[in-house]
1. Scanning for something in a helix (DSSP H, G or I), at pLDDT 95 or above, crowded, with 22+ Cβ neighbours inside 10 Å and within 18 Å of the chain's Cα centre (by Cα), does the range 415-423 turn up at least one residue?
2. How many of the residues making up the range 55-69 are crowded, with 20+ Cβ neighbours inside 10 Å, without any contact (Cβ under 8 Å) to a residue 60 or more places away in the chain and either within 19 Å of residue 125 (Cα to Cα) or touching a strand residue (DSSP E or B) at 6+ places or on another chain (Cβ under 8 Å) (or both)?
3. Residue 209 - would you say it is in contact (Cβ under 8 Å) with a residue 60 or more places away in the chain and touching a helix residue (DSSP H, G or I) at 6+ places or on another chain (Cβ under 8 Å)?
4. What is the one condition in (1) in contact with a helix residue (DSSP H, G or I) (Cβ under 8 Å, 6 or more places away or on another chain); (2) part of a strand (DSSP E or B); (3) touching a residue at least 40 places away in the same chain (Cβ under 8 Å) that residue 33 does not satisfy?
5. Across the range 238-264, what is the number of residues that are under 21 Å from the mean Cα position of the chain (by Cα) and surrounded by fewer than 23 Cβ atoms within 10 Å (Cβ to Cβ)?
6. When the residues of the range 320-339 are narrowed to those that are in a strand (DSSP E or B) and within 20 Å of the chain's Cα centre (by Cα), which ends up surrounded by the fewest Cβ atoms within 10 Å (Cβ to Cβ)?
7. Could you grab me the full set of residues in the range 214-239 that are over 27 Å from residue 452 (Cβ atoms), in contact (Cβ under 8 Å) with a residue 40 or more places away in the chain and in contact with a strand residue (DSSP E or B) (Cβ under 9 Å, 6 or more places away or on another chain)?
8. Could you list all residues from the range 90-123 that are closer than 19 Å to residue 42 by Cβ and not in a helix (DSSP H, G or I)?
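The values are calculated or read from the model by the stated rules, or taken from the named source; none is laboratory data. Note that the structure is a prediction, hence the values are computed from the model and not measured. Note that we place each Cβ from the backbone using ideal geometry, even for glycine, and neighbour counts take in every protein chain shown.
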């Protein structure tokens with residue numbers, strides 16, 4: 001482990017190296033050497049995705065705090081690709097390696113920002129899974145470090161690289177449903193109680209200190225590890241920051257909003273379940289921009305779908321409302337419905353709204369072309385394109401985009417946790433007259449795993 005002095009030496013040494021480094025020029029036929037950090041479920045997905053893009057990249061290093069995960073990943077790559085990979089139990093050692101060009105981060109949420117910052121300071125380009133950050137402060141620091149060190153940082157908001165969603169957003173910008181006044185995000189993911197698990201000794205081969213990292217020390221239990229870390233505030237952000245961040249990003253994209261709302265209000269709770277989970281299983285949020293709104297629903301209990309979607313237990317998608325109709329978009333495609341009354345003026349239009357049933361005409365119905373299981377591939381290819389060009393403007397989900405979407409998840413969770421509507425200073429992104437809410441802008445970091453004030 002690095003103490004405070006070692007940490008300072010690592011950062012200052014990396015900064016000095018980047019200040020004088022000449023970035024390698026990668027040709028069209030040069031494989032980008034990737035180091036994978038985090039080898040759980042999503043990390044294993046990444047290994048498969050990168051392996052399918054072996055003409056563009058090769059996984060040369062793997063890192064996880066769990067020895068068993070490293071062994072499984074190394075065996076998988078050896079069996080499927082014949083690759084020998086170097087494994088690390090400390091990501092900082094991987095970042096120092098000159099054999100790694102870019103890193104892919106699929107750690108729990110509370111590690112995303114610090115891992116990205118360390119990687120950028122060490123001269124690596126970064127693909128980091130969503131949500132980009134664990135809190136509002138981290139969102140800002142991630143953008144700052146990417147710009148300071150001229151690193152390509154792509155956030156795993158792969159909707160930004162899915163063809164039918166890109167087309168749907170372009171149609172909204174072109175005015176297909178007129179002036180958009182409302183974007184609705186839906187995150188209906190059926191989940192079940194995680195129950196209770198007792199504190200117990202750390203399993204052999206797991207570095208629990210490094211797993212906790214920036215979070216405060218807590219004893220190990222099964223529910224705090226593996227997938228269920230999502231449902232604890234120290235390590236996750238609930239389902240709004242897990243699946244929901246994709247749909248929040250779509251809301252912001254479709255509305256064309258890059259700034260802060262006037263206010264945010266989020267209510268809900270953890271209903272029915274009696275278990276260890278801390279985050280909500282039902283949450284309704286409104287972001288008010290003054291001239292438009294975003295509403296967002298998260299529900300892990302049985303729910304009907306909305307829009308034009310078929311009835312099913314798991315549904316995520318978006319509905320955009322304009323003065324000329326509405327657009328529904330999800331993983332399967334998108335549909336556009338025009339209001340018949342919107343194309344009629346004068347008495348006819350007033351008559352249509354005076355008790356008559358308005359007619360909606362389906363004017364577009366486009367199906368998804370990608371297989372949903374491989375929707376991440378074009379996003380990774382876009383990441384490689386930006387690396388070769390050394391141009392972050394080519395990234396579909398540059399860190400500024402991904403961090404902003406994550407920030408809206410944090411706004412919702414802060415409102416939910418303090419139990420009231422919060423008004424915002426739209427110039428600073430802080431809350432007006434609410435010390436309790438503003439204290440949640442950042443977290444109490446555990447040394448030496450501290451997101452720095454100066455990157």
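1. We begin by selecting, within the range 415-423, every residue in a helix (DSSP H, G or I); these are 415-418.
Then keep just the ones that are at pLDDT 95 or above; that gives 415-418.
Right, trim to crowded, with 22+ Cβ neighbours inside 10 Å and you get 415-416.
If we keep only those that are within 18 Å of the chain's Cα centre (by Cα) as well, we get none.
Taking every residue of the range 415-423 in turn, none turns out to be in a helix (DSSP H, G or I), at pLDDT 95 or above, crowded, with 22+ Cβ neighbours inside 10 Å and within 18 Å of the chain's Cα centre (by Cα).
2. 6
3. Numbers: in contact (Cβ under 8 Å) with a residue 60 or more places away in the chain: yes; touching a helix residue (DSSP H, G or I) at 6+ places or on another chain (Cβ under 8 Å): no.
No.
4. Only one criterion is unmet by residue 33, namely (1).
5. Within the range 238-264, the subset under 21 Å from the mean Cα position of the chain (by Cα) is 238-261, 264.
Pick out the ones that are also surrounded by fewer than 23 Cβ atoms within 10 Å (Cβ to Cβ) and you get 242-243, 252, 255-261.
Final tally of qualifying residues: 10.
6. Looking only at the range 320-339, we keep the residues that are in a strand (DSSP E or B), and these are 320-322, 325-330, 333-339.
Remaining after also requiring within 20 Å of the chain's Cα centre (by Cα): 329-330.
On the way: 329: 28, 330: 23.
Per the stated criteria, the residue is 330.
7. Result: 239, single match.
8. Going residue by residue through the range 90-123, those that are closer than 19 Å to residue 42 by Cβ are 91, 94, 102-116, 119.
Across the range 90-123, the qualifying residues are 102, 103, 104, 105, 106, 107, 108.
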